[in-house]
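**Student:** Here it is, the structure, as structure tokens.
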Amino acid sequence: MALIESEAGLIARLRDLFHTSFQTQVQVGIGDDAAVIKSSNNKLVATVDMAVEDIHFNKKWSTPFQIGAKLTTANLADIFAMGAIPKYLLVAAGISELNNSETVTELAKGIRSVADKFEVTVIGGDLSKSEKMTLSITALGELSDQPILRSGARVGDLIYLSSLTGLSAAGLAILNRELDRPRYVVEAHLNPKLVAPEKLIKVATSMCDVSDGLATDAAHLSYASNVNFNLSKDLISQAADFKDLAELAKELGEDVFDWILTGGEDHFFLATVGKENESNELGIQIGSVGKGEGKLLLDGVEIKKTGYQHF
């Protein structure tokens, strides 16, 4: 009976922690067998992400708060990449210290720290004891117009990054050396900050978030659109943050373009935009779309090395 009371108390604590007044469409939230949401006239957009201890995160340097925040960022980025607005989250967690209320609470606070920023509500989930921590989040969003697909890039489009990639990879390189400075670089890996791509959503012909590395995700867009993506080192190196990143790479004996092209988990946005919508306000222009059959090139040379692969 004590276990049932403990679980009920934990659920009650999470219900209170996740309570918000953001979503008046939620009729039944945490605490029942399922959530109930009033339907709307908008399209429903859904995505799910999973993070597994020692594969996607390392508890040696990631706190439960950071783990929760980071996966929430990844989920919401996928919703934004479709041109949608995130609304709700469902969270399932397997935790080795389920009897440790502090671990569960900090994980929940990390999730909410990102959810609150975008007025997103956690409406339910599941908890289980597990040998290793596992976290899975399902995000639901709404789309009032047509989705932005990976297959929409057109010959002549310009290629934009919402921000320069590579900082998360730099943070991981620092942690792997058992260092902790510069702290803002380490934080870029442990708890990347998400900025909604509001301007890109209005004009993008194709878009995705950069989670597995710029080269991998750009290859996804070029393949889906059956066009070539021509990236330029010169354009990339003109980014405002490039100089600092390049100096750090040199200091650590790394190749800055490896970080930029193959480092993942920045959760910035890669998009193609028609020339008529060219603007510095969209982010960093890094290349253009040309005729082809789905190849990814850097200064005319096909990129073979890609970022993170799950299998």
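The values are calculated or read from the model by the stated rules, or taken from the named source; none is laboratory data. Keep in mind it's a predicted model, so treat the numbers as computed, not measured. So basically every Cβ, Gly included, is an ideal-geometry build from the backbone, and we count neighbours across all protein chains shown. We work out accessible area using only protein heavy atoms, side chains counted, and drop any ligands, DNA or RNA first. Shrake-Rupley method; radii C 1.70, N 1.55, O 1.52, S 1.80 Å.
**Student:** In vacuo Debye scattering of the stretch 85-145, one point per C-alpha: log10 I(q)/I(0) at q = 0.21, 0.30 Å⁻¹?
**Tutor:** Rounded to two decimals, the profile gives -0.82, -1.28.
**Student:** Can I ask one more? Order these peptides, 150-161, 264-275, 104-115, by their mean beta-carbon neighbour count within 10 angstrom, highest first.
**Tutor:** Highest mean packing first, the order is 264-275, 104-115, 150-161.
**Student:** Report Rg(Cα)/(2.2 N^0.38 Å) for the stretch 114-265, keeping two decimals.
**Tutor:** 1.20
**Student:** When the Kirkwood radius is taken over all Cα pairs of the chain, what Stokes-Einstein diffusion coefficient follows at 10 °C and 1.306 mPa s, in µm²/s?
**Tutor:** 78 µm²/s
**Student:** Dipole of the chain (Lys/Arg Cβ +1, Asp/Glu Cβ -1, origin at the Cα centre): which of GLY300, ILE95, VAL210 lies farthest to the positive side?
**Tutor:** Looking along the dipole axis, the top candidate is GLY300.
**Student:** Something else about it: Which listed residue (GLY124, GLY156, ILE284) has the Cα farthest towards the positive end of the charge dipole for the chain, taking +1 on Lys and Arg C-beta and -1 on Asp and Glu C-beta about the Cα centre?
**Tutor:** Comparing the listed Cα positions along the dipole, GLY156 ranks first.
**Student:** On to the next question. If you fit an axis through the alpha-carbon atoms of helix 64-81 and take the longest principal axis of the Cα set of the chain, what angle between them do you get, 0 to 90°, nearest 10?
**Tutor:** Approximately 50 degrees, to the nearest ten.
**Student:** Tell me the angle of helix 101-117 to the major Cα principal axis of the chain, expressed in degrees between 0 and 90 and rounded to the nearest ten.
**Tutor:** 50 degrees
**Student:** If each DSSP helix of 4+ residues adds -39,500 (n - 2.57) and the sum is divided by the residues in the chain, what number results at 222 nm, nearest 500 deg cm²/dmol?
**Tutor:** -10500 deg cm²/dmol
**Student:** Run the reach check for LYS60 against lysines, Cα to Cα strictly under 17 Å, same-chain hits fewer than 8 apart removed. What comes back?
**Tutor:** Leaving aside lysines fewer than 8 places away in the same chain, those within reach of LYS60 are LYS70, LYS132.
**Student:** Considering only protein heavy atoms and a 1.4 Å probe, what is the carbon-and-sulfur percentage of the accessible area of the chain?
**Tutor:** 50 percent
**Student:** Okay, moving on. Using only Cα atoms and rounding to the nearest 10 degrees, what angle (0 to 90) does helix 167-176 make with the longest principal axis of the chain?
**Tutor:** Once rounded, one gets 70 degrees.
**Student:** Provide, in order from the shortest bin, the percent of all Cα-Cα pairs of the stretch 1-151 in each 5 Å bin, continuing until the bin that contains the maximum pair distance.
**Tutor:** So the P(r) values, bin by bin, are 2, 9, 19, 22, 19, 14, 8, 4, 1, 0, 0.
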